[in-house]
Amino acid sequence: MNFLKNQFLLRVYRKEIAFKSVKRKKKFNEKISSIGVILDGSVFVPEDLFINLALTFGLSKSKVFVLTYSDVKLKEELIYSDRQFSSSDINFFGKFNNTLNKFCSRRHDILINYYDRNFLPMKLLSLRSQSKINVGFPNVDHRLNDLILNIDISDSLLFLSEVEKYLKLIYNGFEK
């Protein structure tokens, strides 16, 4: 990403994160109905991991929406082009293309920010997504995530078990 675009996006991000921090009230349903995932393409994690998490909460595969960031622009004719994005999908002023707008307009009970680098396109997408609980890693801006797991990003199985454990506590309470 070039320097000038990065500066513009940083300004947009700072303005929106300050506004969102003031406006933050969340209401939980009795059960989880959808899961959104923002996945860093440089981290090799199979999408099945998130599908297994959804199955744990009784959700179908269609209720999991995974959007993967890639540093290289993908060709339009790829089958999964609506599930991948790059920094070129965001303009200088922080406007998203249709794929990103569609992802942000969906309401997710859980948004998993599966990235551990402070990279503006992923942070801006996470900030604009409509979710009740955001789960992420400690290396990213703490204002984005409600549940921060201090786990190595490459240990996906441990991440899955910890997310499952904490989400069950949040949604089901401390009953056994």
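FYI, it's all coordinate maths here, none of it is from the lab. Nothing here was measured: the structure is a model prediction, and the numbers come from that model. Glycine also receives a Cβ, built like all others from the backbone with ideal geometry; neighbour counts cover every protein chain displayed.
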Practice prompt. Find which of F3, I153, G41 sits farthest along the positive direction of the dipole of the chain, computed with +1 on the beta-carbon of Lys and Arg, -1 on that of Asp and Glu, about the Cα centre.
Written response: F3
Discussion item. Can you tally the net charge around F96? Count Lys and Arg as +1, Asp and Glu as -1, for every other residue whose Cβ sits under 12 Å from the Cβ of F96.
Written reply: +2
Item to complete: Going by C-beta contacts inside 10 Å, put D40, D146, D71 in order with the fewest on the left.
Response: D71, D146, D40
Worksheet item: Which value, in debye to the nearest 20, describes the size of the charge dipole of the chain about its Cα centre when Lys and Arg Cβ atoms bear +1, Asp and Glu Cβ atoms bear -1, and nothing else is charged?
Response: 1040
Worksheet item: Which of V64, V45 comes first, and how do the rest follow, when ranked by fewest Cβ neighbours within 10 Å?
Response: V45, V64
Fill in: Mean separation of Cα contacts under 8 Å, 6 or more apart, over the residue count of the chain: relative contact order %
24
Fill in: Proximal charge balance of I35 [Cβ under 9 Å; K/R count +1, D/E count -1]
0
Worksheet item: Hey, which aspartates and glutamates would be in cross-link range of K132, C-alpha to C-alpha under 15 Å, not counting anything within fewer than 8 residues on its own chain?
Response: E30, D109, D146
